[in-house]
Amino acid sequence: MKTLINLSLLSLVVALLCSANIPTNDEMAVGQPSEEVIEANNLCFSCHGQKLFTYYNPELDREIKDNMCDEKIVNEEKFYLSNHRTFQCIGCHSADYESFPHPGELRFEQQYACNDCHGYDDDWAHFKFDEIEEEFMKSVHSTNHDEAFTCWMCHDPHEYHITYRNEENLLNTIAYDNGICLTCHADVNRYQLLTDKEKPNVDQQHSWLPNQQLHFTKVRCIECHAELNDNVLVAHNIRPKEEAVKKCVECHSSDSRLMASLYSHTVKTERWSGGFVNGEMVTQGFVIGANRNKYLNQGSLYIFLGTLAIILIHSILRAIYIKK
Amino acid sequence: MGTRIYLYPGWLRFWHAINALMCLVLIVSGLSMQYTDFERYILDFQLAVQLHNIAGVILSFNYFIFLFGNLFTPNGRQYFLFRRGVLKNLFTQLHYYTLGIFRKEATPFPITTENKFNPIQRTAYVLVGYVATIIVIVTGWAYLFPEIVPNTIGNVSGLLINDLIHISMGYFISIFLIIHIYFITIGNTKMKNFKSMVTGWHE
């Protein structure tokens, strides 16, 4: 299971990194789980796949029906859609889990981290996991919470799947990525796993933001809350809230930072597309100030100057002829 | 001293004054939003957005004065576009503006209480007042509630299409405003028409 977790994290990071040196879909293809994997995992999912499970109690000599605690439930359907879907549970978790009741010492089982599998490995070099880890170590998630904050806090290895950004799925990607942040920032139980602070009200904290809901659905949290880094596909250096972007023109300008973050997967294309500055944005969104059209700009300027010229000539002629 | 005609009732002058002021705010703030950059801007972006929103809402409600005033008073008849000889009259007025005025010819359509506007004015006012303004208001409100705008129309962002329509209409209203201000200087004195819109009386 540890391996599974690590691989999930890896996939997550991979997805995050996807937007810089953009790997192709083929590079990210994971394949489907084999029959053997599914059969082996069925034993785990028979208990951990749902809320209620049954087991045989030899002391009582009968079947016992019991509740599985939420934290130990893995959604089977989501698992087999995740990037770690080809893994056996015991690929990452101890093989001792195959015995039941599980040995008590497994409660102290060490979890893998992403880079235990993916780090410093040429096969994964294009995703730059090492740089992501460096970025993460500088982020408030790491500096404020020491080792308690692991990759898994955001990237559930049992469910994580790559959300490679493209024109077709950009909005889904945004929703998926923002959902990762809200997993803790909108859930007091998870939030207070790492802090005694009161959970902030996300809507209230962003009340200054015009068209708040539009921003929440059209851009990711990290657009404003993470430091840009051209080397990685997805920025992981989450800054303190005091350093969050609050100046509108950071995005609403021809030099929009969105092209270095949300739309970084397109930066190798022209910033001018169809006459639009930062034209890649206009397929699924539109950012006032950032999406100007050079043809419309030129045309409107010519019409404006032409109008002024006609007025000037007309007024000069009036001054000349009417005074005569 | 020439004849004095009461052309512009109070409600019309009130609407016109508010409309003119809001148009100026909208043009400046709109240009600022569209062309703001880090070091080159007219207004701070956030201020421009707030001003644009407030002025847009005021202009929208103010538009009802224009709409209902014209619906329920005789002033509405001034905007009946399709009259007998409309095209011929348009060319007659165009001829006057381009040639006749310099020859000191008499205006072909003198101002009367029944005909406040010449054919070109009437056409422009109808297009701006009943077409462009309505479009700019509808698309402007769509921007106040962007969730209602379809995410994509065809393969293009719905917000982009909304914006293109909004700023195109806003732009043509701006061009109209420039020409409008110039044309009202055409009179016995340059300030005569300005004064009329303040007092309501045309001399």
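See the values below:
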read-out	value
Any hit, the stretch B:45-52, residues being part of a helix (DSSP H, G or I), in contact (Cβ under 8 Å) with a residue 60 or more places away in the chain and either touching a helix residue (DSSP H, G or I) at 6+ places or on another chain (Cβ under 8 Å) or open to solvent by less than 80 Å² (accessible area, probe 1.4 Å) (or both)	no
Some residue of the stretch B:96-105 being at pLDDT 90 or above and within 17 Å of B:F176 (Cβ to Cβ)	yes
Among the candidates B:A132, B:A142, residue that is open to solvent by less than 20 Å² (accessible area, probe 1.4 Å), of a type in the set (G, A, S), within 13 Å of another protein chain (Cβ to nearest Cβ) and not in a loop (DSSP other than H, G, I, E, B)	B:A142
Tally, over the stretch B:172-194, of residues that are open to solvent by 50 Å² or more (accessible area, probe 1.4 Å) and modelled with pLDDT of 85 or more	4
Test: residue in the stretch A:59-80 that is modelled with pLDDT under 90, open to solvent by less than 60 Å² (accessible area, probe 1.4 Å) and not small (G, A, S)	no
Pick from the stretch B:31-44, criterion assigned to a helix (DSSP H, G or I) and either open to solvent by 30 Å² or more (accessible area, probe 1.4 Å) or at pLDDT 95 or above (or both), ranking: farthest from the other protein chains (Cβ to nearest Cβ)	B:L31
B:A20 vs. criteria open to solvent by less than 50 Å² (accessible area, probe 1.4 Å), away from every other protein chain (no Cβ under 14 Å) and either closer than 23 Å to B:N115 by Cα or without any contact (Cβ under 8 Å) to a residue 40 or more places away in the chain (or both)	yes
Output for the stretch B:145-174, where each listed residue is aromatic (F, W, Y) and outside any helix (DSSP H, G or I)	B:F145
The stretch B:111-165, subset polar (S, T, N, Q) and without any contact (Cβ under 8 Å) to a residue 24 or more places away in the chain, residue farthest from B:R4 (Cα to Cα)	B:N155
Residue match in the stretch A:208-224 (condition: of a type in the set (V, I, T) and away from every other protein chain (no Cβ under 14 Å))	yes
Within the stretch A:167-226, helices (runs of 4 or more DSSP H) holding 2 or more residues that are within 26 Å of A:H145 (Cβ to Cβ) and either open to solvent by 60 Å² or more (accessible area, probe 1.4 Å) or at pLDDT below 85 (or both)	A:170-185, A:188-191, A:202-205
Test: residue in the stretch B:80-93 that is open to solvent by 50 Å² or more (accessible area, probe 1.4 Å), assigned to a helix (DSSP H, G or I) and within 14 Å of chain A (Cβ to nearest Cβ)	no
All positions within the stretch A:237-258 that are open to solvent by 30 Å² or more (accessible area, probe 1.4 Å), part of a loop (DSSP other than H, G, I, E, B) and not basic (K, R)	A:P240, A:H252, A:S254, A:D255
Verdict on A:T150 being of a type in the set (V, I, T), surrounded by 15 or more Cβ atoms within 10 Å (Cβ to Cβ), closer than 21 Å to A:Q111 by Cα and more than 15 Å from the chain's Cα centre (by Cα)	yes
Pairs with Cβ under 6 Å, 6+ apart, first in the stretch A:306-322 and facing chain B (nearest Cβ under 7 Å) and in a helix (DSSP H, G or I), second exposed (fewer than 10 other Cβ atoms within 10 Å of the Cβ) and among the β-branched types (V, I, T)	none
Residues (touching a strand residue (DSSP E or B) at 6+ places or on another chain (Cβ under 7 Å) and away from chain A (no Cβ under 14 Å)) located in the stretch B:159-203	B:S196, B:G200, B:W201, B:H202
Pair list, Cβ < 6 Å and 6+ apart or interchain, from the stretch A:208-235 residues that are farther than 16 Å from A:I288 by Cβ to residues that are in a strand (DSSP E or B)	A:H225/A:I238; A:A226/A:I238; A:A235/A:A226
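The values are calculated or read from the model by the stated rules, or taken from the named source; none is laboratory data. The structure displayed is predicted, hence computed values, not measured ones. Every residue, glycine as well, gets a Cβ built from its backbone with ideal geometry; the counts of neighbours run over all protein chains shown. Ligands, DNA and RNA are stripped out before the accessible areas are found, and what is left, the full protein with its side chains, is counted by its heavy atoms. Shrake-Rupley method; radii C 1.70, N 1.55, O 1.52, S 1.80 Å.
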